[in-house]
1. Could you give the DSSP H helices of chain A that reach 15 angstrom or more along their long axis (alpha carbon positions) and whose average Kyte-Doolittle hydropathy is no lower than 0.5?
2. May I have the pair-distance distribution P(r) for the range B:28-405, computed from all Cα-Cα distances with 20 Å bins from 0 and rounded to whole percent?
3. Mean Kyte-Doolittle of at least -1.0 and a Cα length of 20 Å or more along the axis: which whole DSSP H helices of chain B meet both?
4. What's the total accessible area buried between chains A and B, using a 1.4 Å probe, rounded to the nearest 100 Å²?
5. Based on alpha-carbon atoms only, what is the radius of gyration of the range A:17-192 relative to the globular estimate 2.2 N^0.38 Å?
6. Nearest 20 debye, what's the magnitude of the dipole of the range A:17-192 about its Cα centre given +1 on Lys and Arg Cβ and -1 on Asp and Glu Cβ?
7. Give me the distance in nm between label points sitting 7 Å out from Cα along the Cα-to-Cβ direction at A:R200 and A:L132, one decimal.
8. Which value, in Å² rounded to 10, gives the accessible area of A:F158 with a 1.4 Å probe and all protein chains present?
Amino acid sequence: MSHNDHNSKATKEPRPPKACGWMAEFENEHDLLHAAEKVRDAGYTKTDAFTPFPVHGIDHALGIKPTILPFIVLCAGLTGLCTALLMQWWMNGVDYKYIISGKPFGITPASIPVSFELTILFSAFTSVLGMLALNGLPKFSNPVFTNPKFDRATDDRFFLYVDSTDKYYNRESVRELLSSVHPSSLDEVLEDASPSELPRGILLGSLLLVLAGLIPAAIVLNMRASFSDLPRWHVFFDMDFQPKKKPQQTTTIFKDGRSMRPQVPGTVSRGQLTNEDPFYLGYDPMKVSSVDGPRQIYVSATDTVLETLQPPAGGDGGTALNLPWLEKLPVEANEANIKLGKTKYETYCSACHGYAGFGDGLVAKRAASLAQDTWTTPTSLHADRVQKQPVGQIFHTISKGQGKMASYASSLTPQERWSIVLYVRALQRSRNAKIEDVPVEQRSGLTDAQAPKTDGQ
Amino acid sequence: MTSKYDLETIELPAKWKASTLFTLGLILVFIGAVLGIFMKGQGSGESAEFKHLIHSYLANFMFIMTIALGALFFILIQFVSRAGWSTSIRRIAELLMWTIPFLAVLFVPILVAVWSGRSVPYEWNAPEQVHSSVVKAKIDIGYLTKEWFTIRSVLYFGLWTAMAWFFYGHSRKQDESGDVEHSLARQKWAGPCIMIFALSVSFAAFDWVMSIDADWYSTIFGVYVFAAGMMAFFATMILISMALQNAGKVRAFISVEHFHDMGKFMFGFIMFWSYIAFSQLLLYWYGNIPEETYWFAVRLKDGWQYLAYALIPLHFAIPFLGTISRHVRRHRLGLTFWAAWAIVVHWLDMTFLVMPNAGPANFIALVGHFIGGAGMFAIFLSLFLVRAAKAPLVPMKDPRLPEALTYANPLL
């Protein structure tokens with residue numbers, strides 16, 4: 001026994017490399033195609049061709065069946081689509097209903113881009129990974145590389161390979177078949193004798209890299225789980241602390257210590273001129289002193305100051321602002337203005353106040369049905385108080401807002417606001433019309449008994 | 001071997017008569033118009049019948065016009081990309097493109113309607129009836145006036161005819177001399193022409209179709225019309241090539257590979273149309289501003305909603321799934337079926353763009369509209385035949401022809 005052992009150790013020579021198949025080399029793609037067809041017709045299926053450029057028809061010549069990859073990708077794409085739809089339906093329709101500009105919950109047209117992206121994402125990953133998997137890649141070595149002639153496959157030679165695992169493989173008959181198509185060389189492909197294990201260095205190196213990659217994550221976890229008294233760490237110090245002043249800060253540059261500068265006496269800023277024009281205000285600033293002396297000083301400065309004034313205690317909300325309102329519309333009551341007012345009213349006001357002004361717009365109805373106490377019912381424009389208000393005050397309500405109602409100055413020009421006031425007046429009058437308001441020709445037939453009916457229409 | 005590329009196979013089949021097809025088209029258009037007149041119209045101002053007829057004509061005109069423009073664009077793309085594969089099918093596209101001067105004549109009825117002061121199909125043409133300040137502004141700066149509208153329309157046709165003439169002319173001259181210079185000249189100008197094409201088609205779409213509803217605007221509208229036209233163009237190409245081969249022509253020149261590629265293009269533009277149509281919809285849906293959404297609102301009531309919703313499966317989902325497989329695109333019958341499908345849905349699409357502005361959907365009038373559309377398509381094909389009677393169906397001396405004849409798609 002010992003003798004035998006000794007013997008085998010001493011004579012351990014590298015065993016002869018195993019043969020893996022035959023590799024034929026051709027000068028051009030026509031010869032290759034011709035050879036491939038012959039090999040295919042002989043029934044071999046474990047074959048492959050290597051060419052410096054894509055050769056049309058090679059798949060057919062080799063008898064390669066169309067890949068099933070497209071179907072796998074189709075399934076992945078559909079999975080992505082369903083995932084996206086399910087996710088959005090769950091998130092926005094069930095789990096966390098979030099109102100985004102009044103859009104419906106769940107799946108909406110806005111879900112399509114995300115669904116599209118996920119479909120593409122799933123498909124793209126599947127086609128790359130599926131392609132690798134179907135090709136048995138990545139592979140760190142391939143026996144075909146053992147032949148130095150094979151290097152020219154990326155340059156100017158065409159190769160046809162028949163693998164020994166083919167079920168009809170027979171060393172001699174394959175050699176005969178291939179030499180019958182006159183290759184410029186025919187070699188047996190030998191097993192790759194180089195060691196197949198990963199070199200130690202690479203293994204260690206990648207292990208270290210993985211560990212190093214965990215460090216940032218560990219630091220983040222540690223910081224989240226611990227407390228610290230140290231001040232915040234500023235990565236970009238000069239961005240966090242810029243040499244500039246913000247409103248309401250103090251400064252040493254100016255004597256009064258204010259960083260916000262008051263208007264220089266005798267100058268007019270852009271847009272300020274309109275502050276003296278009743279057309280833009282709804283009241284006459286020159287007459288404020290006659291109504292409310294102390295207010296005069298503020299009003300002559302800027303209109304915005306008015307907003308900061310508290311209404312006198314005890315007054316009722318609507319008429320508290322005691323100002324010299326314009327009583328007469330500064331725009332003409334013609335058809336164009338009425339039309340403009342109607343369009344703008346229906347665009348901007350009807351949602352809350354309703355088309356007829358009763359405060360029963362869609363938003364108001366929906367808010368009422370939700371019954372949340374944060375909602376203030378829009379005032380009916382036919383309420384006594386609003387009826388009695390001078391036109392200037394309604395203009396002011398639109399321009400500056402009133403109570404819970406916001407300002408519409410940014411969406412409507414003064415001209416449009418006045419037209420709305422005109423239209424509101426028309427609405428009010430239409431609800432409280434007297435027989436004298438009806439043209440004489442149309443009065444007949446409008447008896448007192450019918451009046452309430454026509455009112456309600 | 002000589003018989004394979006026989007010169008006889010690159011002529012139109014003797015039985016294909018332009019005059020017969022043209023007469024048939026005229027008869028169909030006439031029947032369609034009569035049905036349109038017999039609809040029970042409601043509406044004020046312009047008579048509802050006339051309103052329907054002129055809208056119907058415009059929709060059917062756009063239906064064929066976009067196909068011819070698709071042909072022009074296809075030619076431009078072939079030269080900008082120096083494509084070889086398409087050489088053997090290119091002449092058919094060239095002939096389709098060369099119908100543009102004829103189509104200019106078919107546009108005349110629209111101009112007549114505008115110059116006779118009608119407020120249909122273009123409401124802006126009667127400024128006193130316009131209430132919208134947006135439209136008024138467009139009239140006031142002089143953009144939407146009959147003079148400028150006419151000048152622009154003439155300009156579009158002028159540019160397209162000039163481009164078509166240049167590309168067709170060089171192609172025909174090459175038929176004689178085989179000189180490669182003709183290819184080089186076209187390659188040189190294809191790039192600039194594409195820019196002119198993009199702008200002119202976009203503006204033509206704005207002027208002719210979008211301005212029906214001049215209040216509304218969509219900057220992507222031109223692309224939408226373009227995408228629709230490209231899809232229909234490839235469908236038309238497929239049908240014509242199939243028909244020619246069935247009549248025994250160009251069999252050696254157009255292979256399954258070419259059909260496969262035209263099918264791919266058609267598939268691609270089905271997708272592109274959907275992408276553009278949806279992009280347009282999504283922004284308006286999200287913004288939800290009355291003056292922007294009403295264009296869709298008009299198309300989602302009075303019976304038009306069935307058409308609008310039907311376009312989603314008919315113009316996108318079904319043909320998308322139908323043509324996604326290469327096996328279908330390489331199958332003669334399969335491809336023919338989907339090409340015919342694409343042409344019909346393109347007609348539906350143009351109807352969707354134009355007809356809702358003519359009032360509520362009316363069944364009889366729509367049947368008339370459809371027959372008229374079939375008639376216009378027949379007229380369009382007869383114009384193609386007029387052109388094709390004078391030229392071989394394959395550019396035999398094009399230096400890139402051999403490339404097209406040996407062309408093959410890689411097997412996936």
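1. A:69-88, A:111-134, A:200-225
2. Pair shares across the bins are 28, 57, 14, 0.
3. Span-like helices, by this rule, are B:18-37, B:48-80, B:100-115, B:146-177, B:180-208, B:221-246, B:256-287, B:332-354, B:363-388.
4. 1300 Å²
5. Numbers: Rg = 24.6 Å, N = 176, 2.2 N^0.38 = 15.7 Å.
Rounded to two decimals, the normalised Rg is 1.57.
6. Details: 14 positive and 21 negative charges, 183 e Å.
Dipole magnitude for the range A:17-192 comes out near 880 debye.
7. 2.9 nm
8. Number for this one is 10 Å².
The values are calculated or read from the model by the stated rules, or taken from the named source; none is laboratory data. Model, not experiment: these values are computed from the prediction. Glycine also receives a Cβ, built like all others from the backbone with ideal geometry; neighbour counts cover every protein chain displayed. These accessible areas exclude ligands, DNA and RNA; they are computed on the full protein's heavy atoms, side chains included. Shrake-Rupley method; radii C 1.70, N 1.55, O 1.52, S 1.80 Å.
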